[in-house]
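Here is the structure we will look at, set down as structure tokens.
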Amino acid sequence: MRAGAALAVALAVDVVVLGIRDARLVVLLGRRTKEPYAGRWALPGALVGPEEEPDEAAVRHLTDEAGLAEPDHHEQLATYASPGRDPRTRVVSVAYLALVRQTPDVTQPWAWCAYDDIAADPERFDLAFDHPRILDDAAERLRAKLEYTPLAAALLPDPFTVSQLRGVYEAVWGSALDARNFHRKVTGVPGWLVPVGRPQVAGPGRPAQLYRTGDLRYVAPAMTRPGG
């Protein structure tokens, strides 16, 4: 291409939707029905309309195409623009990290897939485009943000117990945590958890207290993930 010539670029969005299902961190994937990469798993994604903001396109695709409710939390992750990431044309993708409190049953071509299964055997899942990189970047963003923000609650029903909250950390970080130390930490930081005033009765033993997140934005001192 000669210097100064215009470059045709398409703008797209890709969304990494993460949730907790059966005590595991899961991601929403869909089987592609068209070329390129027909039959392979991919993250939810769509082209951005000419009068549309990328945020709007991301939410539209999840609600209209994947049938999900609007995510409880979503944030811009990064922009991916490597040449050749899409064999059809030059496509710049704005990627988002989205967290959901519920992982409802979905119908084909969609499925909830365990993140650690994908990480352990990426060839079996064989994600299309540069989606392995995007997924790994999103998972690391979440792992890091759990260290210094109360974002884990966005993956839980409201209200929740401390045990359920610990389960999110264990699923995201991939390690068991000491229950007593975790309870002391999350209940000892002012503004992190607010009791809702009614215990959860779930079988024998002492009822578990229910909480919501307070107005805390940053956890200080930060949580330390195992091996970090």
Fill in the blank from the handout: The equivalent-ellipsoid semi-axes of segment 1-119, taken as the square roots of five times the Cα gyration tensor eigenvalues and listed largest first in whole Å, are 28, 16, 13
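Report the gain in length on full extension from Glu140 to Arg217: 0.36 nm times residue separation, minus Cα-Cα distance, nm rounded to one decimal.
Working: separation 77, 0.36 × 77 = 27.72 nm, distance 1.92 nm.
Between Glu140 and Arg217, full extension yields an extra 25.8 nm.
What Kirkwood radius, in Å to one decimal, follows from the Cα pairs of segment 96-194? Intermediate results must be reported in sequence, preceding the final value.
Working: mean 1/r = 0.0655 Å⁻¹.
Its Kirkwood hydrodynamic radius stands at 15.3 Å.
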Handout entry: Fraction of the pair-distance distribution of the chain above 30 Å, Cα-Cα pairs, percent
Key = 31 percent
Exercise for the section: Using a cut-off of 13 Å between beta-carbons, work out the net charge of the residues near Glu70 (Lys and Arg +1, Asp and Glu -1, Glu70 not included). Expected result: -2
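Got a number for carbon plus sulfur as a percent of the chain's accessible area, 1.4 Å probe? Present the calculation step by step, with values, prior to reporting the outcome.
On the way: 5960 of 12190 Å².
Its accessible area is 49 percent carbon and sulfur atoms.
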Problem - DSSP-loop trypsin sites (Lys or Arg not before Pro) across segment 1-83, with at most 14 other Cβ within 10 angstrom - result: Arg2, Lys34
Exercise for the section: Using the heavy atoms of the protein chains and a 1.4 angstrom probe, tell me the accessible area per residue for the chain in square angstrom. Expected result: 53 Å²
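The values are calculated or read from the model by the stated rules, or taken from the named source; none is laboratory data. This one's a predicted model, so the numbers in the text were calculated from it and none came from an experiment. Reconstructed Cβ throughout: ideal geometry from the backbone, glycine too, with neighbour counts over all protein chains shown. Side chains included, ligands, DNA and RNA excluded: accessible areas come from the protein's heavy atoms. Shrake-Rupley method; radii C 1.70, N 1.55, O 1.52, S 1.80 Å.
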